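In what follows, a single structure is set out as C-alpha cells and then discussed.
Every read-out reported here was derived from the displayed coordinates using simple, explicitly stated rules and does not represent laboratory data. None of these values were measured; they are calculated from a predicted model. As a convention, Cβ positions derive from the backbone with ideal geometry for all residues, glycine included, and neighbour counts pool all protein chains shown.
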Amino acid sequence: MKSFKYALTPIISIFIFCGLIVSSPLSAKPPESSGPYVSRYGEYSFWTYWANGMIVFVGADIPAYCQGDFPFGLWDYQEIESPADIDLIMSVSKGDDIPTFVYPDSIYWENPCANGDEDLWIVSGTSDAIYTDNDMNAAENYHSRANSWGVSAHGVLFSQDGDPVSFSGGFHCVFKNNENPAKAWEKCKNRLSLTD
C-alpha cells in the first residue's frame, strides 16, 4: 500500500524550482491573538500510488516529462495554522483538469523514461483531484491525535485506442505518532476504479 508525493526523482529539482516561483501567500500573517493563519498559493506537484496491479500518477504527464516538456498540473494550495497549537498545520490542495496517467505496475516507476516505459500507459487524460492533510507535522511531533491524509481523484480518461474510461481513485492514510518511535504506525487504503 504505497503512496508517494514527488515520486519521480529526476523531477524533484524541477518541482522545487517552480514551486518557489509560484508559492506566494495571499495574506499577511495576523497577530498571534487573532484566529487561524491561512495562506494560499499555487503548487506544482503530483502524487503516485499503487492499486489493483497498476500505478497511478495524479498531476503529472509522464510522456511530456520524458520529451523534455513541463509535466505538472497546477494545484490551488491552502495551508491553515492554528495559534492555539503551533505544531498543527492543516492543508488542502485542489487540482482541476490535472494530467492523470495509469500504468501497469511493472514499469520502472522512479524514472519511466529510462526504459521507454512512458508510452505503456493503460489510460490517460485529466482528472479533478483534492488532497487533504489534517496534521502536516505529525511525523515530526508527538500528538495524541492521529494524522489523516490522502488524495481523491475523478475524471474521464482514454485508452490507447481513444475509448473513454471513467476513472475514480485515490488513497487514504492514517498515521499515529508515538513518544516511542517503535510504536508509531501507518495504515493506508488505495483504490482505483476504471469502467467503460
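The three principal axes of the C-alpha atoms in the stretch 65-196 carry coordinate ranges of 53, 32, 30 Å, sorted with the longest axis first. Put simply, the convex hull of the Cα atoms in the stretch 89-135 casts, on average, a shadow of 4.4 nm².
Charge tally around V92: other residues with Cβ under 9 Å, Lys/Arg +1 each, Asp/Glu -1 each, net -2.
Highest mean packing comes first when the peptides 74-83, 166-175 are listed by Cβ atoms within 10 Å, giving 166-175, 74-83.
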